[in-house]
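The values are calculated or read from the model by the stated rules, or taken from the named source; none is laboratory data. If you're wondering where the values come from, they're calculated on a predicted model, not measured in any experiment. Note that we place each Cβ from the backbone using ideal geometry, even for glycine, and neighbour counts take in every protein chain shown. Areas reflect the complete protein model, heavy atoms only, side chains present, ligands, DNA and RNA absent. Shrake-Rupley method; radii C 1.70, N 1.55, O 1.52, S 1.80 Å.
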Amino acid sequence: MNDEVALPDLSPLRDWFTSYCDSFRTDDPAVQRNYDLKQQHTSNVCRDALIVAQGMPQRFLVLAEVAALCHDLGRFPQYRDYGTFKDSESLNHAHLSAQIMTRHAPLHFLSGEEFSRVDTAVRMHNAFHVPTGLHPETDALLRLLRDADKLDIWGIFEGYFDAPESERASAAGLGFPDLPGCSPEPLAAVAAGRMVHLSTLKSLNDFKLLQVSWIYDINYLKALRLIRERGILDRFAAMLPDERPVREVLAQVREHLERRLVTEG
Ligand SMILES: [Fe+2]
C-alpha cells in the first residue's frame with residue numbers, strides 16, 4: 001500500500017449507507033427500532049475500528065472504515081424478510097452484506113485487490129474462528145473488524161437491558177428467554193478458555209456468557225485496553241446471576257484479560 005497516493009473521500013459512501021438505511025424505513029416503531037439499532041451499531045463499529053487501528057497506514061484505515069460500514073448491510077433485509085437477527089433461523093447475514101456491497105456500494109476508489117480484502121473481511125466477520133492462510137493484510141482487516149464489532153455489541157447489549165421492555169430493539173436478545181441461572185455447557189466452555197457456541201444457548205444469561213467468552217477472541221491490544229477502560233467485564237458481571245460458577249468463570253476471563261494486557265502491553 002502506498003501512503004503517498006491521495007486518500008479517497010468516503011463521504012459519498014457514507015451518504016450511500018444513510019440512504020440505504022432510509023430505504024428500509026417503516027411506520028412500525030417496533031420494527032424501526034431494530035433498523036435504527038443496526039444503523040447506530042454500524043457507525044459505532046466504524047468509530048471503534050478507527051480507534052483500534054490508530055497509527056496504522058492511512059490506506060488501511062480507509063479499508064477499515066469501508067469494511068465496518070458494509071459489514072452489516074445484510075442485517076436490514078434479514079430483519080425485513082425473516083424478523084430476526086439469528087442467522088441459524090434465516091441466512092448468513094455476512095454473506096448477504098458482501099453481496100449487497102458488491103452490487104450496490106460505490107467502491108470504485110478501491111483497487112481490485114483492496115476490494116477483495118474488504119470483501120473477505122465482511123464475509124468472514126461472523127465466522128466462529130478467523131480462517132488460516134489469509135493474506136496478512138486481509139487477516140489484519142478481518143481481525144480488526146471482528147474486534148470493533150464485538151466492542152460495540154457489548155455496548156448494545158447493555159443498553160438493551162437498561163431500556164424498558166417496550167423500548168428495546170426486540171431482535172437484539174435473539175429471542176432467548178430470560179430464565180434464572182446459566183446452563184452447564186456455556187459455563188464449561190468459558191471455564192475451558194473457549195468461546196461459547198450459539199447452538200448451546202438456552203437463555204439470555206447464556207447469551208451473556210457467550211458475549212463474555214468473546215474476550216478470548218480479541219486480537220488487538222488496543223481493543224483489550226478499551227474493554228478494560230469501558231468496564232465491560234464489570235458490567236456483564238452486574239447483569240449475570242451472582243452465583244459461584246458464574247463468579248468463577250468471570251474471574252477466569254478477567255485473569256486472561258489482565259494477563260494479556262500485562263504481557264503484550
Ligand atoms: Fe456488526
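Key figures for this structure:
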read-out: Intensity falloff of the stretch 177-264 expressed as log10 I(q)/I(0), Debye formula with alpha-carbon point scatterers, at q = 0.19, 0.23, 0.25 Å⁻¹; value: -0.80, -1.13, -1.30
read-out: Percent accessible area from carbon and sulfur atoms, the stretch 75-126, protein chains only, probe 1.4 Å; value: 45
read-out: Extension gain, residue 27 back to residue 50 (0.36 nm per residue minus Cα-Cα distance, nm); value: 4.9 nm
read-out: Percent of C-alpha pairs per 10 Å bin, the stretch 46-98, short to long; value: 26, 37, 26, 11, 0
read-out: Efficiency of FRET from Cβ geometry, residue 262 and residue 161, R₀ 41 Å, rounded to 0.05; value: 0.85
read-out: Inter-site label distance for residue 19 and residue 88 at 7 Å from Cα along Cβ, in nm; value: 3.9
read-out: Cleavage-rule hits, GluC sites (Glu not before Pro), the stretch 162-265, DSSP coil, Cβ neighbours within 10 Å at most 16; value: 243
read-out: Debye log10 I(q)/I(0) at q = 0.10, 0.11, 0.13, 0.15 Å⁻¹ for the chain, Cα point scatterers; value: -0.51, -0.62, -0.87, -1.15
read-out: Å² per residue, accessible surface of the stretch 11-150 at 1.4 Å; value: 43
read-out: List 124, 101, 195, ordered by accessible area with a 1.4 Å probe, largest first; value: 124, 195, 101
read-out: Heavy-atom accessible area per residue - the stretch 177-264, 1.4 Å, Å²; value: 49
read-out: The stretch 11-150 - percent relative contact order, Cα under 8 Å, separation 6 or more; value: 27
read-out: Accessible-area order (highest first, 1.4 angstrom probe) of the listed residues 154, 16; value: 16, 154
read-out: Filtered trypsin sites (Lys or Arg not before Pro), the stretch 45-128: DSSP coil and at most 12 other beta carbons within 10 Å; value: none
